[in-house]
1. Please enumerate the residues belonging to the stretch 269-315 that are in contact (Cβ under 8 Å) with a residue 60 or more places away in the chain, part of a strand (DSSP E or B) and over 14 Å from residue 390 (Cβ atoms).
2. Report yes if residue 27 is over 51 Å from the mean Cα position of the chain (by Cα), over 20 Å from residue 120 (Cβ atoms) and among the hydroxyl-bearing types (Ser, Thr, Tyr), otherwise no.
3. When you go through (1) under 19 Å from residue 385 (Cβ atoms); (2) surrounded by fewer than 20 Cβ atoms within 10 Å (Cβ to Cβ); (3) of a type in the set (Ser, Thr, Tyr) one by one for residue 252, which number turns out not to apply?
4. Going by the structure shown, is residue 79 surrounded by fewer than 16 Cβ atoms within 10 Å (Cβ to Cβ), of a type outside the set (Lys, Arg) and modelled with pLDDT under 90?
5. Testing residue 237 on (1) surrounded by fewer than 18 Cβ atoms within 10 Å (Cβ to Cβ); (2) at pLDDT below 85; (3) not aliphatic (A, V, I, L, M), one condition comes back false. Which one is that?
6. Just checking, how many residues over the stretch 271-280 are surrounded by 16 or more Cβ atoms within 10 Å (Cβ to Cβ) and either of a type in the set (A, V, I, L, M, F, W, C) or closer than 19 Å to residue 249 by Cα (or both)?
Amino acid sequence: MDKLSDLVLNRTNIGIIVVDRELKIVYLNKWLQDYAGINADNIIGQILTDIMPIFHKSYYQQLVANAFFKGQSMFCSGAIHTSFIIPHNHLVEATVRQNMFIEPIQFGQETYLLLQIKDTSSQHKQIQLLKNEIAERKRIEAVLRASEEEMKELRDKALAASKAKTEFLAIMSHEIRTPMNAIIGMADLLVETPLDTEQSEYVEILKYSSLNLLQTINDILDVSKIEAGKLETNKLKFNLQLLLDELVSFYTFQAEQKGLQFLYKQANVPVVVEGDSVHIKQAISNLLSNAIKFTEHGHVSLEILSTELDNQRIKLEFWIKDTGIGVAKDKMQDIFEPFSQADSSTTRKFGGTGLGLAIVKRLVESMGGIITIENNDGHGSIFKGYILLDVINE
């Protein structure tokens, strides 16, 4: 090599090694000699692995083969091996970071391998210092925000725990629902067989309990779907009057079984509309079922009113009133949250998961509506809401 090239190569802050096909070192620049504490006179002619043991590894042997036989270059990051050649100061070896570039070069009729080694320790240290500084700033900011964010963080943790619980229960409920359906089916078959009075009572209790458990499982599945954003709304043409008649017939019977009066009133309700009949039925059913469950004396009523918004859409309003236990004012904001009920005694006395109203709220909102609750003059509750439906012009 000429003197100018040699001067340039020795002044650069990159270590340069050139080896032949037998991996014998033919050139070593001064920077690398000083960096590694070695002398070129003693190293020239030696095998590369004598000063760079890493080339004993099969991975690097393959890189060498690819360079010589396929002409492939390769950049080796310090992210895999922090150092490729040991610096003369062994005390700081643990903090050393190096990158290496392997490149085949042609000189005359011979192919050589050019290794360029760059020490990135200072950059790495600067990055670490910057990371530490950023972390310290964040820590200070977090401390300053702690007092005002403490309640929010506690709430977020509670919501996260609740979500995790819901996801777990959803998974488990899928596994439980299949055997539950089998139990209910077997109970139905057992009722048809000859049983004495005591056995019949046992079977009815079994069936009633199984149906309640299945409803709980279904509620959990619904809430988990809603929380996961998998609630799908299907808009189809259906007979709204027929749907309401079925609901009124079923819940009139349910109310009378409990000794309650069921009242129903509607106005301007169209016959045929387009919307999600399944979600409408589920929402109103949950509200009526709740009203009957929490009412011991008096009545439960359903009022439906349709208001035309334009030629293509209506606002279907509904009121469900009862003369039951009502809801305390300080609990009204939480009543539509999952696993929430008016108080713990409600669960003990009436049962349930506290999921029904949470499901209703999400269903109503998915159909462009809202739902609220208020006290019925101190004698029960009033659930008010509306949904939007498309009009079918025939």
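1. Hit for the stretch 269-315 is 304, nothing else.
2. On the way: over 51 Å from the mean Cα position of the chain (by Cα): yes; over 20 Å from residue 120 (Cβ atoms): yes; among the hydroxyl-bearing types (Ser, Thr, Tyr): yes.
Yes, satisfied.
3. (1)
4. Details: surrounded by fewer than 16 Cβ atoms within 10 Å (Cβ to Cβ): yes; of a type outside the set (Lys, Arg): yes; modelled with pLDDT under 90: yes.
Yes, satisfied.
5. Here residue 237 meets the rest and fails (2).
6. Our first condition is that a residue be surrounded by 16 or more Cβ atoms within 10 Å (Cβ to Cβ); within the stretch 271-280, this holds for 273-277, 279-280.
Checking the rest, the ones that are also either of a type in the set (A, V, I, L, M, F, W, C) or closer than 19 Å to residue 249 by Cα (or both) come to 273, 277, 279-280.
Total meeting the criteria: 4.
Matching residues to (1) outside any helix (DSSP H, G or I); (2) of a type in the set (S, T, N, Q); (3) modelled with pLDDT of 90 or more:
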residue: 345; (1), (2), (3): no, yes, no
residue: 353; (1), (2), (3): yes, yes, no
residue: 358; (1), (2), (3): no, no, no
residue: 374; (1), (2), (3): yes, no, no
residue: 387; (1), (2), (3): yes, no, yes
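The values are calculated or read from the model by the stated rules, or taken from the named source; none is laboratory data. All figures in this text were calculated on a predicted structure; none of them were measured in a lab. Positions of Cβ are generated from backbone atoms using ideal geometry, with glycine treated the same way; all protein chains shown enter the neighbour counts.
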